[in-house]
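Any read-out appearing in this document is the output of simple, stated calculations on the displayed coordinates, not a laboratory observation. Here the structure is a predicted model, which means the values were calculated and not measured. Note that we place each Cβ from the backbone using ideal geometry, even for glycine, and neighbour counts take in every protein chain shown.
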Amino acid sequence: MNVKDDFCAILDTFVDLSKQEIHNLIETPPEITQGDYSFPVFSLSKIYKKNPKVIAEEITEKLKSVSQNKYSFSCISGYVNLKITDDYLFKQLVQEVLEKDKDYGKTKKETPKQIIIDTFNVNPLKTVHVGHLRNIVTGESINRLLKYSGEDPKPVFYSGDVGTHIAKWYWYFKKQKLTKKDIPEKYKTKWFGEIYISANQTLKENKDYEQEINELQSKIQNNKEMQVEIKELRDMCVKSYFKIAEELDVYLDDSFFESQSERKFLEIQEDLQKKHADIIYESQGAIIADLKKKDLDVLLLVKQNKAPLYGAKDIGLVLLKKEKYPDASYFLYVVGSEQAFYFKQLFCLFDLIYKDNYHHHIAHGTVNFESKKMASREGSLILYEDFRDLLFKKVLEKLKENNLETEQQIVKDIAFGTIKFEMLKLGLNKTLDFSLKDALDIQGDSSVYVQYSGVRAQSILRKVEGVSLENIHKLKIELTIEEKTLLSLINHFKEKIELATKEYKPHVIANYCLLLARMFNKFYSSCVVLSEDKQLQNKRLLITKAYLITLRNALDLLGIKIPKKM
């Protein structure tokens, strides 16, 4: 059902505005009793030289010529309201949802855009902690939204495998006389992370070690044997990262490393300086991008010691991506908001170097755990495996406390659902404070609350042999306020996807899931589903089925599963 588009087309006949202007003005009323869609006429006052109340009344009077089988119209305080008739809403929407099933809400495009998404930004030989999860699940949700909307997204892993942190990790690894044989089969990522934490702690206690690390870093640049060993360690670490991706049901199409992008930049450096000599030039032995005319200061690309920095590597990275994905011209970067100014500088450069491409920074805030800020250079962080295992334990306790099922798969579905929902339900620009108590509140704004409503719907549908669409169009349907509200929410699913995708805002879907679950629970409490009145029962079973399909599809956009039972 495309009721909003219908309303726009109907109003276009009577209103002196473009279709796009009308479409942009159409709203959803705060109460379903007021209507399904509203059109404010205040912007027409200057055109018609009339009071908005009068304009709304005149338009509503003209709308009486439109078929009343689908819609009815009313006006109040300068708004023209459209209400979908019960009969049309139920029959058209339920049939569409049940027939499309897993495809309900999806869009197909003849020429999808290939879009590269930088996500899972975790450097090898460092730590994967709770803060990284926001980056990881945000990138995956945006990938799913784009794919659901008919595009061709390619999420990629980009990681820094050169620099001081590598030398620091390798220094401690050698100092402790460790070898690859010491790397455990389980908890590999945690092991790699603990090496990095220990190296920082040791350095903090004795600053004299800095000289050793600097000397080692210089030695690595010319020692092939060390380079080979570090690459092997890097690959083992990254492989353990991909296990986390698999565990979180996160898809990555390819991986790139700073060592590759650095080489790519060095290949084109001379040509870049010639083409853009007014912007990119040598200054005091270093190479800079002078962006002062754009009020973006100066971006240092290459240090005096000839070492390329982040900006240079990111220039090379675009070329690597274009070689791998020649059809791509859209590039998204899911990176913390503390890098906002850097990306403004970078994209200003890209406008010169890669003129036909679109680059966008999807910024996200930091994550605090139980109100404690985390920093990867210190010990004040929660490593991923510790956090995951703690969550498994707490979920199991919560299920036992509520006399619910405690099978391992149920625990996993809820635990991973909780990670994703908490990371995605808040606007990306905000700092997220992860509270275990709130995250596992079965009656609160939590994943387990939403998942439980889906389990309840599954349980209802299992109690009958099947739900039938047969003879649906022969019925005269009247809906209670709970039935109507739930169906109206289901009907808004496609609009929510459109908004979330267009603005890269997964929290729109997370909050939609909460609204949907709350409304289903009201419907369940107020409307007896299993009834001796078979016509009534079939109507409510169809609504329940439509709800379950919509909720499952919406949660899938967040990477969350509904457990089979609870």
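Details
- Oblate is the label for the range 115-373, because a/c, from the alpha-carbon gyration tensor with a ≥ b ≥ c as root eigenvalues, is 1.5 or above and a/b does not exceed b/c.
- Radius 12 Å from Cβ of Ser255, net charge of other residues (Lys, Arg +1; Asp, Glu -1): -1
- Mean-position separation - Cα centroids, the range 265-280 and the range 79-114, in angstrom: 51
- Between the range 427-477 and the range 281-315, the alpha-carbon center distance in angstrom: 52
- Residue order, fewest to most beta carbons within 10 Å, for Tyr148, Tyr187, Tyr37: Tyr187, Tyr148, Tyr37
- Cα-projected label distance for Gln537 with Glu210, points at 7 Å along beta-carbon direction, nm: 7.7
- For the range 473-544: relative contact order, % (alpha-carbon pairs under 8 angstrom, 6 or more apart): 32
- Geometric descriptor of the range 450-566, per residue, is 106 Å³ (volume of the convex hull of the Cα atoms).
- Straight-distance crosslink candidates among aspartates and glutamates, where the alpha carbon sits under 15 Å from Lys49 and sequence neighbours closer than 8 are dropped: Asp16, Glu57, Glu58
- Calculated from backbone phi, Karplus (6.51, -1.76, 1.60) coupling profile of the range 510-517 in Hz, x at Gly/Pro: 4, 6, 5, 4, 5, 4, 4, 5
- The calculated FRET efficiency for Asp278 paired with Ser218, based on their beta-carbon distance and R0 = 41 Å, is about 0.75.
- What separates the Cα centres of the range 1-18 and the range 192-249 is a distance of 60 Å.
- Here the spin labels are modelled as points 7 Å beyond Cα on the Cα-Cβ line, and at Asn368 and Leu461 they lie 4.1 nm apart.
- Across every pair of non-identical alpha carbons in the range 254-308, the mean reciprocal distance, once inverted, gives a Kirkwood radius of 12.1 Å.
- Pairs from the table (Lys106/Lys561; Lys108/Lys545; Lys4/Lys496) lying more than 20 angstrom apart at Cα are Lys108/Lys545.
- Applying the Karplus relation 6.51 cos²θ - 1.76 cosθ + 1.60 with θ = phi - 60° to the range 212-225 yields 3J(HN,Hα) values of 4, 5, 4, 5, 5, 4, 5, 5, 4, 4, 10, 10, 4, 4 Hz, where x marks Gly and Pro.
- Residue-span extension gain [Gln408 to Asp86] - 0.36 nm each, minus C-alpha spacing: 111.6 nm
- Partner lysines for Lys292 [C-alpha distance under 16 Å; skip if fewer than 8 residues away on the same chain]: Lys344
- Taking every alpha-carbon pair under 8 Å whose residues sit at least 6 apart, the chain reaches a relative contact order of 16 percent.
- Label-to-label distance for His473 and Asp297 is 6.6 nm, based on points extended 7 Å past Cα in the beta-carbon direction.
- Debye-formula intensities of the range 3-84, expressed as log10 I(q)/I(0) at q = 0.11, 0.18, 0.21, 0.27 Å⁻¹, are -0.24, -0.66, -0.93, -1.58 (one equal scatterer per alpha-carbon, no solvent).
- Amide H contacts under 5 Å for His364, placed H, 5+ residues apart: Val335, Gly336, Ser337
- Candidate lysines for bridging to Lys321, where Cα separation is under 16 Å - those fewer than 8 sequence places away on the same chain excluded: Lys113, Lys154, Lys264, Lys313, Lys355
- For the chain, the C-alpha radius of gyration sits at 1.15 times the compact-globule guess of 2.2 N^0.38 Å, with N the residue count.
- Length gained when the stretch Ala307-Asn69 is fully extended (0.36 nm per residue, less Cα-Cα span): 78.6 nm
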